[in-house]
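Working notes for the structure below.
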Amino acid sequence: MDIPKGKKIYFSSDNHLGAPTMEESRKREVIFVKWLDSIKEDAAAIFLLGDLFDFWFEYKHVVPKGFIRTLGKLAEIKDSGIPVYFFVGNHDLWMDDYFEKELNIPVFHQPKEFQFNNKTFLIGHGDGLGPGDEGYKRMKKVFTNPLSKWLYRWLHPDLGVPLAQYFSVKNKMISGEEDQQFLGEDNEWLIQYCRRKLESKHYDYFLFGHRHLPLEIDLNGKSTYVNTGDWISHYTYAEFDGEKLSLKKLNS
């Protein structure tokens, strides 16, 4: 994709809409929707890097209620001709085809490579990548197993949705609250993942969410790892102006 002069690509992640309650996340949703409205004038594309929702599960004919302001704004932006891409996170990994059919927004379940103005990007949510985090990796295999999803669909939404929302907030392995501090470059598994990828191929930028920490780390003088932070504590995002990728903070 070539970025026209004056246009930008925006990257955002980790809104966790619905957490810790629908009422408490409503204020954050309003802020996020205003931001989406503000960037549509110069957006060449928008990438949502996962955990837009604190819980999302698609039954055959049912999706969780709420978030209509966000969904409506995304539909408006996509209908205006601006590409929008969605990467599932560990909280909305049970996303199926609702976004693709209803909003015409492509959904990715694994990191994907993109090229903008001859700069190569590897983009994803970031969960389960790199060494370590074995407990979560095992849990993710269970959650994404087709049999597990089929069995869960037998729970009525009035039971299944609040049950999942409860565990989403309370289970530290799922929420990730236990490690929302920078661990140092040698201990950050996403940094290790990026460096291992560079052993076989060059990327100008690695873009992930999941860690809830706005980070911009030089990897080897030619490649940069950027984490987009979150819309809970930091209200940060990344933008690419056609030449450089930068971390931004709302109203900064």
- Could you tell me whether D14 is in contact with a strand residue (DSSP E or B) (Cβ under 8 Å, 6 or more places away or on another chain), part of a loop (DSSP other than H, G, I, E, B), charged (D, E, K, R) and farther than 19 Å from F208 by Cα? no
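Could you identify the single residue in G221, G229 that is touching a Ser or Thr at 6+ places or on another chain (Cβ under 6 Å), at pLDDT 90 or above and farther than 27 Å from S148 by Cα?
Going through G221, G229 in turn, just one is touching a Ser or Thr at 6+ places or on another chain (Cβ under 6 Å), at pLDDT 90 or above and farther than 27 Å from S148 by Cα: G229.
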- Message: Among (1) modelled with pLDDT of 95 or more; (2) assigned to a loop (DSSP other than H, G, I, E, B), there is one condition I9 misses while meeting the rest; what is its number?
- Response: (2)
- For the range 41-76, enumerate the residues that are in contact with a Ser or Thr (Cβ under 7 Å, 6 or more places away or on another chain) and either part of a strand (DSSP E or B) or over 18 Å from T228 (Cβ atoms) (or both). L48, F55
- Query: Here are some residues: G221, G242. Which one is within 14 Å of Y10 (Cα to Cα), over 17 Å from the mean Cα position of the chain (by Cα) and assigned to a loop (DSSP other than H, G, I, E, B)?
  - Reply: G242
- Query: Looking at S12, S38, S25, which one is polar (S, T, N, Q), on the phi < 0 side of the Ramachandran plot and surrounded by fewer than 17 Cβ atoms within 10 Å (Cβ to Cβ)?
  - Reply: S38
- Query: Which condition number does D79 fail, the rest of (1) modelled with pLDDT under 90; (2) open to solvent by 10 Å² or more (accessible area, probe 1.4 Å) being met?
  - Reply: (1)
- Note on the structure: Subset of the range 196-252, residues open to solvent by less than 40 Å² (accessible area, probe 1.4 Å), under 22 Å from G184 (Cα atoms) and among the acidic types (D, E), comes to D204, D230
- Message: For the list (1) open to solvent by less than 40 Å² (accessible area, probe 1.4 Å); (2) in contact with a helix residue (DSSP H, G or I) (Cβ under 9 Å, 6 or more places away or on another chain); (3) of a type in the set (A, V, I, L, M), I need the number of the one condition that V30 fails.
- Response: (1)
- Pairs with Cβ under 7 Å, 6+ apart, first in the range 148-169 and within 16 Å of M22 (Cβ to Cβ), second of a type in the set (G, A, S) and at pLDDT below 75: S168/S175; V169/S175
- Message: For a quick check of your reading of the model, give me the residue pairs whose first member lies in the range 184-198 and is over 13 Å from N220 (Cβ atoms) and of a type in the set (F, W, Y), whose second is in a loop (DSSP other than H, G, I, E, B) and open to solvent by 50 Å² or more (accessible area, probe 1.4 Å), with beta-carbon atoms closer than 7 Å and at least 6 apart or on different chains.
- Response: W189/D133
- Do we find a residue being over 17 Å from the mean Cα position of the chain (by Cα), under 17 Å from F11 (Cα atoms) and assigned to a loop (DSSP other than H, G, I, E, B) anywhere in the range 82-95? yes
- Note on the structure: Screening W56, W94 for residues that are at pLDDT below 95 and crowded, with 21+ Cβ neighbours inside 10 Å leaves only W56
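The values are calculated or read from the model by the stated rules, or taken from the named source; none is laboratory data. Note that the coordinates shown come from a computational prediction; the quantities given were computed from them, not determined experimentally. All Cβ positions, even for glycine, are placed from backbone atoms using ideal geometry, and neighbour counts span all protein chains on display. Calculation scope for accessible area: heavy atoms of the full protein, side chains included, ligands and nucleic acids excluded. Shrake-Rupley method; radii C 1.70, N 1.55, O 1.52, S 1.80 Å.
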